[in-house]
Amino acid sequence: MKTANEYKKLTIREFTKAADVYETDKAGIYEMCRKDYPYIKDELDKIEYKDLLDCGCGTGAMISLLHENDSSKNYTGLDITPRMIKVANEKKLQSAQFIVGDCEEIPFEDESFDVIICTNSFHHYPNPQRFFDNAYRVLRKGGYLIFQDYTASKALVWFLNHTEMPIANVIGHGDVAMHTQKEVGEFCQKANLQVEKIQASKGMRLHLVAKKPKAY
Ligand SMILES: C[S@@+](CC[C@H](N)C(=O)[O-])C[C@H]1O[C@@H](n2cnc3c(N)ncnc32)[C@H](O)[C@@H]1O
């Protein structure tokens, strides 16, 4: 078992290596992340928002797609790996800012965003509840969290967390843990986020849409 800082150092090392190829056809396993972008876009199309935060934005691929479609919104990308943020900033998107930071300690004021997206980053977080608590804090009342990551049955999650994850660490990847759908629901509940949609689908995907209540 590693400390939170050891996991984060591994993550930064992993994505420092991946940054320059992440959006190319040499991205290897990371190419599968792109399959989730249409789902995020579909969910975003259902809501009204002005200020969006992408937690674990990587090279800003998702924000680039959104920006292409609508540059009148304010897009912010947050990522712990400076090299990913450097690649994102090199795109010089007019309505986007990309910042180095930790999704467990989101470096923004309370109630700054209408929507947070988080895709394929959460399984790198050693303190998962902190992410949901921070998401709640920086969302405006009535704001949404739209989230995608890996999941599986309780038994398979246990197995992969005790086999695949440690092997990934040995080969220099910063993966920490997968979570069951039930656990993710509980993180939301503890953070006071209302789950509007939570579903597991093909390819071990977990889709979540959660809302910060308008009144509390
Ligand atoms: C597989 S990439 C996904 C990037 C992007 N969301 C996408 O779907 O293409 C995971 C990203 O999460 C970032 N990450 C991991 N842990 C993080 C943390 N604690 N805070 C912020 N970013 C983190 C990594 O640096 C990496 O860029």
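General observations
- Qualifying residue in region 160-172 (condition: touching a Ser or Thr at 6+ places or on another chain (Cβ under 8 Å) and either in contact (Cβ under 8 Å) with a residue 12 or more places away in the chain or among the hydrophobic types (A, V, I, L, M, F, W, C) (or both)): no
- L52 fulfils the conditions (1) crowded, with 22+ Cβ neighbours inside 10 Å; (2) free of Cβ contacts under 8 Å to residues at least 60 places away in the same chain except for a single criterion, (2).
- For region 86-99, the criterion of being in contact (Cβ under 8 Å) with a residue 60 or more places away in the chain and near the ligand (Cβ under 6 Å from one of its atoms) is met by no residue.
- Conditions (1) of a type in the set (A, V, I, L, M); (2) near the ligand (Cβ under 7 Å from one of its atoms); (3) in contact with a helix residue (DSSP H, G or I) (Cβ under 8 Å, 6 or more places away or on another chain); (4) under 27 Å from G143 (Cβ atoms): number failed by I12: (4)
- Pairs are defined by a Cβ separation below 8 Å, a sequence spacing of at least 6 or placement on different chains, a first member in region 20-36 that is more than 8 Å from the ligand (Cβ to nearest atom), and a second member that is hydroxyl-bearing (S, T, Y) and modelled with pLDDT of 90 or more; the pairs so defined are E23/T59.
- When every residue of region 39-47 is checked against the conditions, at least one turns out to be free of Cβ contacts under 8 Å to residues at least 24 places away in the same chain and within 17 Å of the chain's Cα centre (by Cα).
- Among the criteria (1) farther than 24 Å from L145 by Cα; (2) within 9 Å of the ligand (Cβ to nearest atom), the one K17 does not fulfil is (2).
The values are calculated or read from the model by the stated rules, or taken from the named source; none is laboratory data. If you're wondering where the values come from, they're calculated on a predicted model, not measured in any experiment. All Cβ positions, glycine included, derive from the backbone under ideal geometry; neighbour counts span all protein chains shown.
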